[in-house]
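Read the structure below first, then the notes.
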C-alpha cells in the first residue's frame, strides 16, 4: 500500500511510522500547552468565608488561632490546593499570618471546611478586636493570600482577597 509517490513513503515503512508518531506527539504537546494556558479562562476562583475562630494560648503574649474557612469551589472539576498562604485582619487590624503546605482537595461544585492555623502575638492586637472576641460582637474580617492550585488541566498560582462579617 502506497501513501505517496515515493516508494519509501509507504504506510508500513519504519521512517513513515516514526514521522507520524512524532507529528502526533507534537500535536498532543501543543494541545496540552494550549489547554494549560487557557486554564485561567476556564477556571472560576474559589471563594472563602470565615466561619469560626478558636483561640489556643501558647503563652501570655502569643497564641495560635485556628480559623475555620468554608472554601467554595464553583467549578465543575476538583481543585487541589498544593500550598496556601494567608494573612487575617479583624476590624482592619492585622492579626497574624499562616501557611499550609499539605494538599487540600476541594471537590467540584461544593464547599469544604478548611481549618487553618495562624501564629499571632496579642501585643499587636487592638482593643476593639480583643473586646469583640470576648463579648462575642460581630467582627469585620479580611483574608489576603496566595493559593497554589493543582487541577486535572495543570497548575496555577492565584492571589485572593475576601472580606466579610463574622458573627
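The values are calculated or read from the model by the stated rules, or taken from the named source; none is laboratory data. Since we're looking at a predicted model, the values are computed, not measured. Note: ideal-geometry Cβ built from the backbone for every residue, glycine included; neighbour counts use all protein chains shown.
Of note:
- The residues of region 96-129 that are touching a residue at least 40 places away in the same chain (Cβ under 8 Å), in contact with a strand residue (DSSP E or B) (Cβ under 7 Å, 6 or more places away or on another chain) and in a helix (DSSP H, G or I) amount to a single one, 122.
- Scan region 82-107 for residues that are at pLDDT below 90 and either farther than 15 Å from residue 144 by Cα or not assigned by TED's automatic domain parsing to the domain that holds residue 144 (or both) and the total you get is 2.
- Here is the figure for region 100-120: residues that are exposed (fewer than 15 other Cβ atoms within 10 Å of the Cβ) and farther than 20 Å from residue 45 by Cβ total 4.
- When the residues of region 38-74 are filtered to those that are surrounded by 12 or more Cβ atoms within 10 Å (Cβ to Cβ) and in contact with a helix residue (DSSP H, G or I) (Cβ under 8 Å, 6 or more places away or on another chain), the one that is nearest to residue 145 (Cα to Cα) is 53.
- For the criterion of being in contact (Cβ under 8 Å) with a residue 40 or more places away in the chain and more than 14 Å from residue 166 (Cβ to Cβ), residue 64 passes.
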